[in-house]
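Contents: one structure, followed by commentary.
The values are calculated or read from the model by the stated rules, or taken from the named source; none is laboratory data. The shown structure was predicted, so the numbers you read here are calculated from the model rather than taken from an experiment. So basically every Cβ, Gly included, is an ideal-geometry build from the backbone, and we count neighbours across all protein chains shown. Side chains are part of the model used for accessible areas, which takes the heavy atoms of the whole protein and leaves out ligands, DNA and RNA. Shrake-Rupley method; radii C 1.70, N 1.55, O 1.52, S 1.80 Å.
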Amino acid sequence: MKKSLLILGILIFVSFNNLKAQNLLAIPDTLSGTTFNLNLLDTNNVFFTGFTTNTFGVNTNYLGPTLFLNQGDSIQLNVHNQLMDTTTIHWHGLHVSAKNDGGPHIVIPPDTIWRPSFKVRDHAASYWYHPHMHHMTNLHATLGAAGMIIVRDTIEAALTLPRKYGVDDFPLVLQSKSFDANKQIVVHDAADSTMMVNGTIDAYLPTPAQVVRFRLLNASSERILNIGLQGNLSFYQIATDGGLLNAPVQLTRLMLSPGERAEILVDFSGMTGQNINLMSFASELPNGIYGALQPGMGAGQTIPGYTLNPLNGADFPLMSFSVVTPTTNPVTTIPSTLTTNTPWPIASADDFRTLTFTPVNMGPTAIQGPFLINNTTYNMGVVNYHIPLDNIEIWTLTNQSPIAHPFHIHDVQFYITEIAGVAPPPHLAGRKDVVLVRPGQTVKFITKFESFCDSMGMYMYHCHMLTHEDDGMMGQFVVDCPTSVNIDEINVGNNELLIYPNPAANQVSVKMQKEVVISSIAVYDFSGKRIIFENNINHNETVINLQEQPSGIYFFEINSNDKVFRKKISLIK
Ligand code: C2O
Ligand code: CU
């Protein structure tokens, strides 16, 4: 009798262990159309049975709805801050004007509504929104005031890809989180040992046995993930942060740092009944990355409490896929091509900037931060760069600190041109807005600052490890408008310069009197966009061809010696 009770006890214990408590993955609600109402709530959520955890949520208890945007739509967002704190909401990855960008200057005081509106100019991809209040970003984002954005466009719509949200197309918001004994969220410590996906701990997802799309977002404060599938099954990356890749890239591992997104396809065909874990193979992360066995390079470089966190340097599941029977009309193939990315040629760069990351403290505590960009800490009152509208620039990022930093820039998507001296691997060759720069490494990217100029509008660039960002590893730039837009017309005095005819039909002659040479001529259209730039003219006369341009008003800006002449010309076809 005693013996059989013991056996029964063992059986119960064993089966309890096998039926490891698994929770159905939460799929965020969706909002679509052209008006979006987002209510930032100070609320609570049950992550652990029997415990109520204080959280922030957007329209719900934790995290927020997925926003569906269509390229070309003009949208209006109403962000109602119902928190006790002033905060901001930033549309991470979207190309919007600075006043709509939701950076640290665009504050939303408690109980007020911020109403940005803009045209969606972005390529189909997965983006996200999150708070960006200076010194508070980590707190507000970690408590949960964040969500995903899915942009659709006609190129993506024409491809045979899974796109039934919650059926064969799933957002996976990946976060590591730290909880205290009362299951309250702890911000800024190295005990982020709980993984959650869409706010679900220990999640499983019934996944149909066909090609399924996952939109991965690393929304952790600090942790870098080395994503893969149990059994080293391969998967295909189809999109980077800001758009489709040229073609799917077959991978078994994908490193994803905070702020980065990747869309992947997994072919579960014929796997009905199997359970497959989505993993982070952090044992393979090289030292010098938050999440590896050692977060720093070099002896003694560590973070208090880091070695006690069982996730560091270990392989662990993020969630599991329980493969079920396919849906009707499943996608069963991986497309061979996706889109055409055309990075700006390196030779087209108008300017170069170098940004060097260093720790404030030298020695063993260097890794604990704070960190500096070009020896300065973020100052809301200082504009670190003035960038002329339409500049194409190459930025060189050099990490002279002992820990890897995921660098993010607002306003633009960029193309990586070099990582440690070589071209990026194919899965990093698409449109990006975050790039991980490892200790000792140099990364270069090329981008263009187009569409928006505003001499008062600040765009951020920063490390997306939120502790580093809050501690000042951030800078800001403005995109300056061409001066000729502000100056309607300046008389060209003393007949030093002749511009004729005016109005013109196709060609405009520019002639300096007295053999003075012209160095450059820029022509701007009425919107302020520079349409022509001719450098090194070194003659006292030249002809500018406006054959391709529509009728309208154009501004000529002529540089000669140290003089600048501006003149308005009408073009009548
Ligand atoms: Cu994801 Cu400046 O932010
Ligand atoms: Cu950093």
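Would you call Asp192 crowded, with 23+ Cβ neighbours inside 10 Å and either closer than 22 Å to Phe414 by Cα or modelled with pLDDT under 95 (or both)? No: the conditions fail for Asp192. Being in the same structural domain as Ala146 (by TED's automatic domain parsing), over 30 Å from Ser97 (Cβ atoms), at pLDDT 95 or above and polar (S, T, N, Q) is a condition met by no residue of the range 21-39. Only one entry of Val167, Val186, Val173, Val197 meets the criterion of being touching an Asp or Glu at 6+ places or on another chain (Cβ under 6 Å) and not aromatic (Phe, Trp, Tyr), and that entry is Val186.
Contact annotation: residue pairs with Cβ atoms under 7 Å, 6 or more positions apart or on different chains, pairing a residue in the range 83-96 that is small (Gly, Ala, Ser) with a partner that is part of a loop (DSSP other than H, G, I, E, B), are Gly93/Asp241; Gly93/Gly242; Gly93/Asp433.
Contact map, the range 449-478: residues that are on the phi > 0 side of the Ramachandran plot paired with residues that are open to solvent by 10 Å² or more (accessible area, probe 1.4 Å) and within 14 Å of ligand 2 (Cβ to nearest atom), Cβ distance under 6 Å, separation 6+ or inter-chain. Pairs shown: Gly472/Pro370; Gly472/Thr377; Gly472/Tyr378. Does the range 145-156 contain at least one residue that is within 16 Å of ligand 2 (Cβ to nearest atom), open to solvent by less than 60 Å² (accessible area, probe 1.4 Å), part of a loop (DSSP other than H, G, I, E, B) and not aliphatic (A, V, I, L, M)? No, the range 145-156 contains no residue that is within 16 Å of ligand 2 (Cβ to nearest atom), open to solvent by less than 60 Å² (accessible area, probe 1.4 Å), part of a loop (DSSP other than H, G, I, E, B) and not aliphatic (A, V, I, L, M). Given the condition within 16 Å of ligand 1 (Cβ to nearest atom) and open to solvent by less than 20 Å² (accessible area, probe 1.4 Å), answer yes or no: does some residue in the range 364-372 qualify? Yes, there is a match, as at least one residue in the range 364-372 is within 16 Å of ligand 1 (Cβ to nearest atom) and open to solvent by less than 20 Å² (accessible area, probe 1.4 Å). Pairing each residue of the range 237-253 that is at pLDDT below 95 with any residue that is of a type in the set (A, V, I, L, M, F, W, C) and open to solvent by less than 30 Å² (accessible area, probe 1.4 Å), provided the two are 6+ apart or on different chains, yields no C-beta distance under 7 Å. Look at (1) in a loop (DSSP other than H, G, I, E, B); (2) free of Cβ contacts under 8 Å to residues at least 40 places away in the same chain and you find that Asn182 fails only one, number (2).
Beta carbons closer than 7 Å, at least 6 apart along the sequence or on distinct chains, pair a first residue in the range 334-361 that is in contact (Cβ under 8 Å) with a residue 40 or more places away in the chain with a second that is open to solvent by 40 Å² or more (accessible area, probe 1.4 Å) and within 16 Å of ligand 2 (Cβ to nearest atom) for Leu355/Asn374; Thr356/Asn374; Thr356/Gln400; Phe357/Gln400; Thr358/Asn375; Thr358/Gln400. If we keep just the residues of the range 374-429 that are over 25 Å from Ile238 (Cα atoms), open to solvent by 10 Å² or more (accessible area, probe 1.4 Å) and touching a His at 6+ places or on another chain (Cβ under 8 Å), which is farthest from ligand 2 (Cβ to nearest atom)? Top of the filtered list is Met380.
Looking only at residues of the range 445-468 that are assigned to a strand (DSSP E or B) and farther than 18 Å from Asp122 by Cβ, we find that the one that is nearest to ligand 1 (Cβ to nearest atom) is His462.
Within the option set Ala299, Ala247, being assigned to a loop (DSSP other than H, G, I, E, B) and surrounded by fewer than 21 Cβ atoms within 10 Å (Cβ to Cβ) holds for one residue only, Ala299. For the range 254-271, the set of residues classified as surrounded by 14 or more Cβ atoms within 10 Å (Cβ to Cβ) and outside any strand (DSSP E or B) consists of Ser257, Pro258, Gly259, Glu260, Phe268, Ser269, Met271, listed by residue number. Only one entry in Leu139, Leu174 is within 16 Å of Gly259 (Cα to Cα) and open to solvent by 10 Å² or more (accessible area, probe 1.4 Å), namely Leu139.
Yes/no matrix, rows are residues, columns are (1) of a type outside the set (Lys, Arg); (2) in contact with a Lys or Arg (Cβ under 6 Å, 6 or more places away or on another chain); (3) within 19 Å of Thr142 (Cα to Cα):
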site: Lys177; (1), (2), (3): no, no, yes
site: Asp180; (1), (2), (3): yes, no, yes
site: Thr194; (1), (2), (3): yes, yes, yes
site: Gly228; (1), (2), (3): yes, yes, no
site: Phe235; (1), (2), (3): yes, no, no
site: Thr240; (1), (2), (3): yes, yes, no
site: Pro258; (1), (2), (3): yes, no, yes
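Listed here are the strands (runs of 3 or more DSSP E) enclosed by the range 43-131 that have at least 2 residues being out of contact with any Gly (no Cβ under 6 Å at 6 or more places or on another chain) and away from ligand 1 (no atom under 16 Å from the Cβ): 53-58, 66-70, 74-82, 117-119. Of the residues Val323, Val360, Val331, which single one is crowded, with 17+ Cβ neighbours inside 10 Å and over 27 Å from Phe170 (Cα atoms)? It is Val360. Scanning the range 282-296 for residues that are open to solvent by less than 20 Å² (accessible area, probe 1.4 Å) and not in a loop (DSSP other than H, G, I, E, B), we see that the one that is farthest from Ala191 (Cα to Cα) is Ala282.
Here Lys99 fits the description: open to solvent by 20 Å² or more (accessible area, probe 1.4 Å) and under 22 Å from the mean Cα position of the chain (by Cα). Screening Pro406, Pro402, Pro426, Pro335 for residues that are assigned by TED's automatic domain parsing to the domain that holds Glu263 and within 30 Å of Ile227 (Cα to Cα) leaves exactly one candidate, Pro335.
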